[in-house]
Structures are given as C-alpha cells and as structure tokens.
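Below is one structure, written out as structure tokens; the observations come after it.
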C-alpha cells in the first residue's frame, strides 16, 4: 500500500500498520517461546488465518485476503479502496483485541490488547475523516 497509494496520509498509515504489526507479531512470538519453551511452529498458518502476515506479504497493508489484494491492485482509486477495506479489517482487530483482553489472565497480553484497540481506533477515525473529506 505504501508504494501504491497516491496520498501521503495513506502511505504513512500503511507504513505505520506494517511497523506496529511487525512489532506486535515479534512480541507475541517472543512470549510464545518464553511461555512454551519453543518457537512458534513454522508449519502453522494460524497467524496468516488471522491476518497477521509476516515478511514480504506485508506490502499490501496486512489485508491477508487474496480477494482484497486483487481488488486493491485493480482499483482505479487505490487510496479509496484501501480505506474501504482497512476500516472493517481494523474493526475486526479491535473486536479480537477486546476479546483477548477479556479472555486472558496475562497482564502483558491485556496491555497489548489495550494498545491495539487504542491505535487501531485512532486509525479508523483518521480513515473515516479522510474518506469523508476526499470522497463524500
């Protein structure tokens, strides 16, 4: 997304998403190793199933869905489609993080969930504001 977007705001958002989710994934992998004494199994695609894609797949803004990727790549207005797709993606992340917070006894995971809810709620607000300004 950061390479395909036209507006600087969308490019910056895409980079921020990559940076924050890379950090979150690294932290969760570290916890897994600390708690279970081994690395997260490499054969597991649990993270991909939940939209937490690592490596080169992150270039499209963490969408994690082939249909979303095609829609973005073929979009006449990439920024518009990116925002339209990312708002519900972020809403799902906020819901999942809220469920995590309420379902764990680990304080560090509650803190991570709070951080995710806060950051992604702010990003949703920004995207809604841009959408209204640019497209309505």
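Keeping to region 114-136, report how many residues are touching a helix residue (DSSP H, G or I) at 6+ places or on another chain (Cβ under 9 Å) and closer than 30 Å to residue 80 by Cβ.
Number satisfying all stated conditions: 15.
Does residue 121 satisfy the condition of being within 30 Å of residue 6 (Cβ to Cβ) and either modelled with pLDDT of 95 or more or out of contact with any strand residue (DSSP E or B) (no Cβ under 7 Å at 6 or more places or on another chain) (or both)? So residue 121 fits the description; yes. Residue count for region 16-32 under the criterion of being surrounded by 15 or more Cβ atoms within 10 Å (Cβ to Cβ) and without any contact (Cβ under 8 Å) to a residue 60 or more places away in the chain: the result is 4.
For region 69-105, a tally of residues being touching a helix residue (DSSP H, G or I) at 6+ places or on another chain (Cβ under 7 Å) and under 17 Å from residue 131 (Cβ atoms) returns 14. Screening region 56-79 for residues that are under 19 Å from residue 91 (Cα atoms) and outside any helix (DSSP H, G or I) and picking the one that is modelled with the lowest pLDDT gives 61.
The values are calculated or read from the model by the stated rules, or taken from the named source; none is laboratory data. Keep in mind that this is a model prediction, so the values were computed, not measured. Ideal geometry is used to build each Cβ from the backbone, glycine not excepted, and the neighbour counts take in all protein chains shown.
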